[in-house]
Amino acid sequence: MDTGVSGGGDEKAEFDPSEITYVSYGGEHHLPLIMNLVDQELSEPYSIFTYRYFVYLWPQLSFLAFHKEKCVGTVVCKMGEHRSTYRGYIAMLVVVKPYRGKGIATELVSRSIRVMQESGCEEVTLEAEVTNKGALALYGRLGFIRAKRLFRYYLNGVDAFRLKLLFPQPYIHPSLLMEAHEDSIRRSSSDTIEVSH
Amino acid sequence: MAAAEASIFSGSGDNSVWTDVSPLLQAACNGLQDGELIHGDNFNLYAAMSALEIMDPKMDSGMIGRYYSVDEAIDGGAAPIPISFDRTVDVQCTIDIMDHLLACEATWHKGHSLAQTVFSCIYLLRPERTTSHALLHSYSSVIRATCKAVISVVSDARTHEEEDLFTMMYGLNLNGEDEKCLSILNAVEETISRQLRACRALSARRKVLEDIEPLQNNPMLEEGYCRAILARLRFRKHFYHVLMCLKRPQGRGLQLARKHVASCISELKAIRELSGQHTACGGQTISEDRTTASGRQPVGFDASLNARLSAPTPPRSIKILSWSEAIEYFLKLLQDLDIISSCSLENSLDCVLHFVVQFQKSQPDLVARAHLQRLLLQDGKLFGREAIFSVISKAATLPEVVKNHDIEKMECVIQLGQLVINLLRILCANSAWQRRKLGKILQDWRVTYIQLELALRSKFGEPSGTPSGENICMNILKQLLVWVEEKVYWIASRFLMLGFELELYSTSEYGMVYWYIYVVSVKLVEKLHHRISISNRVKCRGKKKRVPGKDATRDIQFSPTVLFLQSHICLAEGLTMMLAALRNEKMILESPTPFNSDQERFFQHFELLQKAGIPDHNSYQSFEGSTKNASLSMLAMYNHFKDAQRIAKEVKSSFSDDPERLSELRRIEQVAEHNSVALSLLCRVGDALDSSLKLSFEFSHHPHFATAVVRRS
């Protein structure tokens, strides 16, 4: 879906990274904070249903970053079974402009990814605009690869990358994988778009 | 709601009845506390994302609409006929409408819905209204016929890409008498030509030969307007002809299409010139966003009217391309259609594959690519002329006798034919989608290979009724197997290279990618070499050797195609080793990633290849094994880049009449040269790299092979 972590412009907040506290989604009182952040920083409008869908079903995967009572960043995710893999999905990641570039986004995402790993996810995925250099660099440093390019994924005609992180698995010989995937060769080969706008 | 109010809205639906649900919503609001949620089982993420908040202008497109229906808009005077009773203004506005429609059409081609673009034109939505206005009527008729033709070719292509949105018509009526549209257009063109002749005669003080009413009132502007309109009408006429010519089966209309393309291009350029657009002098033009040559807003367009027709969920508003962008788009489209029309119908499969790959380098859009696909594949035949088995026989250089053989009817051979057709279709798709499909079909090709192998083995085991017959069948199968393997490696190679074009690899992954490209290319050359040697053996069998003592195998070793690929192999190997050496000697530092390692990323990038057994052994360990001992000093002794340079130079003479291959070889030489120099520099510099110098890898000379660049930091 969306990541807003690059740029930031001129006004930078002065703070020490240790002053940032990270909190797991704790309930309804956090929802307006998340919605305001996302509304403010990201271009896509989301209805309230979309937010509730994520934070109600997977509260343990959403985190907020606070600097002295002020909410400065958030990450919203989900996880579940997708075509016989259990995988996590990063739906929204935002840090307010004056606080960017200091590792807050990385910390938010990492916390979520750790929960996903502990919950048994095999991989984590998200989409990012090909022009979103900040996001691509961030996820690249965390070990995500650009698995696919999605032509004109966004309404404004911009392409997206599907980014994927694969957790280390017990080794399976490729020929066994081929047998397991024989069915999927036969099945329809069109890709499902995770989220459509 | 009162009955009177209800009737206002009845125009928008057929059997819809409106009810006021405010009390119900109020009760619902009171019934739930903050934070309470009703979750329906089938209310999934898709439903959540499709939901919209009423009256939020970002989501509720009805908020920005002025009229509720087309009829209401017409009643409100949004699309007057005539546009103005002042004939000069009427002509000006007509030109604006023509220009805006061109911009809408280009926007549609670029991936937006027809309803929000071309059919945001109220005149097009009610074609019967324009019959009294010759210009508007003729222009809209040809636009509808054109849209219909374009939808038809894109539907035929059936690539099921994301661009599926393109063909959705949502109940818009595109039917009309297409054949008539050209005669209507010609009639109007004729009239305006006569008007132009008349006004020129007048200004030259010559006698006016015929009594004809001028186009509009202002004699000073008459010539300009006549020429502006004529150029636009002629462009539409020729463009429609291009589409009709390209539609003709078996490529029969290609030559004529090229003539019409040339006319289109000259009319577009005339349109641009006549509008006084001085792009070269960099003068301040009216807003660059303008969708008309004049800069005025066109009369008669409203994108929100189709809101209920356009999509399953209310559409977001879109931005129409500017007029100059639209012209650029059509110029590029016409150039692409010209290239397609220049494709030789005699081409072998290899030539066709090469043609398509080259064509795709200019990043053609959907409409052009759909035309290419339709030209290549009709009725399951290449160019609609040659059956696919015949195409494969020639490509695999199977012996003539195969024509009378039952092998064509074998299940696995039929499947192979399907794979080839599917491959051609995929290669015409946009590169992002194409790469994904190429990765997926590798397994299909592998399965067919296995089936051919099984068929061959079963022939081995059969009692030899007709020994010669069985031998022929076995030889054919053997040759097919070699050819199929070669194609599999070709597909794998293309899959890997496209990753660079699509920017899927990060710098830290280049090493493993070049290694994989190296491994796959070596196999490809091996199979190609094998095929060429078999075909040469077959050729020489029947011929008398013209030059006594000349060895057939020596010819094969120097086959230009093989050498061409060999230069790529050396380059790939050189890059693999250089990157590995730099890593081993800590000259490029990569921080470890917290959640996984290179092994996972290797597996992810090459999973589809691994599943298809390309190559057969456990590749990450092979990659590690091949590269762990790489060092700069070792590379100083054995320089793959020098080899690449040498081979590229040598083989150039064999491609003297092939400008594309020549420029490719030149690029290979450049990459090899620059990397060689960088390598020597890095060997000398050693540890000093950290402090004063910065190393990066850039695609300055070749889209797939990177050049190492050392700069002062």
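Some values worked out for this structure:
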{"item": "Check on B:I407, more than 18 Å from the chain's Cα centre (by Cα), surrounded by fewer than 22 Cβ atoms within 10 Å (Cβ to Cβ), away from chain A (no Cβ under 11 Å) and touching a residue at least 60 places away in the same chain (Cβ under 8 Å)", "result": "yes"}
{"item": "Qualifying residue in the range B:22-45 (condition: of a type in the set (A, V, I, L, M), at pLDDT below 90 and surrounded by 14 or more Cβ atoms within 10 Å (Cβ to Cβ))", "result": "yes"}
{"item": "Residue pairs meeting the criteria (Cβ under 7 Å; at least 6 apart or on separate chains; first over 14 Å from A:K164 (Cβ atoms), in the range A:111-122; second assigned to a helix (DSSP H, G or I))", "result": "A:S112/A:L61; A:V115/A:Q60; A:V115/A:L61"}
{"item": "Residues of the range A:143-155 satisfying the condition of being in a loop (DSSP other than H, G, I, E, B) and either at positive phi or at the interface with chain B (Cβ under 8 Å from one of its Cβ atoms) (or both)", "result": "A:G143, A:F151, A:R152, A:Y153, A:L155"}
{"item": "Every residue from the range A:107-142 that is within 9 Å of chain B (Cβ to nearest Cβ) and among the basic types (K, R)", "result": "A:R114, A:R141"}
{"item": "B:M634 vs. criteria assigned to a helix (DSSP H, G or I), buried (at least 19 other Cβ atoms within 10 Å of the Cβ) and at pLDDT below 95", "result": "no"}
{"item": "Number of the exception - B:T131 against (1) in contact (Cβ under 8 Å) with a residue 12 or more places away in the chain; (2) assigned to a helix (DSSP H, G or I)", "result": "(1)"}
{"item": "Residue within the range A:26-43 that is away from chain B (no Cβ under 14 Å) and touching a helix residue (DSSP H, G or I) at 6+ places or on another chain (Cβ under 8 Å) present", "result": "yes"}
{"item": "Selected residue (only one of B:E179, B:E213 is within 40 Å of the chain's Cα centre (by Cα), outside the structural domain of B:L375 (by the TED database), without any contact (Cβ under 8 Å) to a residue 40 or more places away in the chain and exposed (fewer than 14 other Cβ atoms within 10 Å of the Cβ))", "result": "B:E179"}
{"item": "Matching residues, the range A:11-46, being of a type in the set (A, V, I, L, M) and in contact (Cβ under 8 Å) with a residue 24 or more places away in the chain", "result": "A:A13, A:I20, A:V23, A:L31, A:L33, A:I34, A:L37, A:V38, A:L42"}
{"item": "The range A:47-71 - residue that is touching a residue at least 40 places away in the same chain (Cβ under 8 Å) and assigned to a loop (DSSP other than H, G, I, E, B) and, of those, nearest to the other protein chains (Cβ to nearest Cβ)", "result": "A:S62"}
{"item": "In the range B:144-168, the residues that are over 12 Å from B:R374 (Cα atoms), out of contact with any strand residue (DSSP E or B) (no Cβ under 8 Å at 6 or more places or on another chain) and at pLDDT below 90", "result": "B:H160, B:E161, B:E163, B:D164, B:L165, B:F166, B:T167, B:M168"}
{"item": "Top-ranked residue of the range A:85-122 - restricted to ones that are small (G, A, S) and farther than 22 Å from B:L45 by Cβ, ranked as surrounded by the most Cβ atoms within 10 Å (Cβ to Cβ)", "result": "A:A105"}
{"item": "Criterion (polar (S, T, N, Q), touching a Pro at 6+ places or on another chain (Cβ under 9 Å) and assigned by the TED database to the domain that holds B:V357) met by exactly one of B:Q418, B:Q479", "result": "B:Q479"}
{"item": "Meets criteria (within 27 Å of B:A51 (Cα to Cα) and either small (G, A, S) or within 14 Å of chain B (Cβ to nearest Cβ) (or both)) for A:T74", "result": "no"}
{"item": "Unmet requirement for B:M587, which otherwise passes all of (1) within 14 Å of chain A (Cβ to nearest Cβ); (2) in contact with a helix residue (DSSP H, G or I) (Cβ under 8 Å, 6 or more places away or on another chain)", "result": "(1)"}
{"item": "Among the candidates B:L333, B:L398, B:L321, residue that is within 24 Å of the chain's Cα centre (by Cα), surrounded by 15 or more Cβ atoms within 10 Å (Cβ to Cβ) and away from chain A (no Cβ under 14 Å)", "result": "B:L333"}
{"item": "Index of the failed condition, B:E453 passing every other in (1) farther than 30 Å from A:E127 by Cβ; (2) modelled with pLDDT of 95 or more", "result": "(2)"}
{"item": "Test set (1) under 30 Å from B:Q363 (Cβ atoms); (2) more than 12 Å from chain B (Cβ to nearest Cβ); (3) at pLDDT below 95 - A:R100 fails condition number", "result": "(1)"}
{"item": "Total residues in the range B:410-448, condition part of a helix (DSSP H, G or I) and away from chain A (no Cβ under 13 Å)", "result": "12"}
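Conditions tested, residue by residue: (1) at pLDDT below 95; (2) not acidic (D, E).
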| site | (1), (2) |
| --- | --- |
| A:E107 | no, no |
| A:E122 | no, no |
| A:Y153 | yes, yes |
| A:D159 | yes, no |
| A:R162 | no, yes |
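The values are calculated or read from the model by the stated rules, or taken from the named source; none is laboratory data. On a predicted model such as this, the values are computed, not experimentally measured, just so you know. Ideal geometry is used to build each Cβ from the backbone, glycine not excepted, and the neighbour counts take in all protein chains shown.
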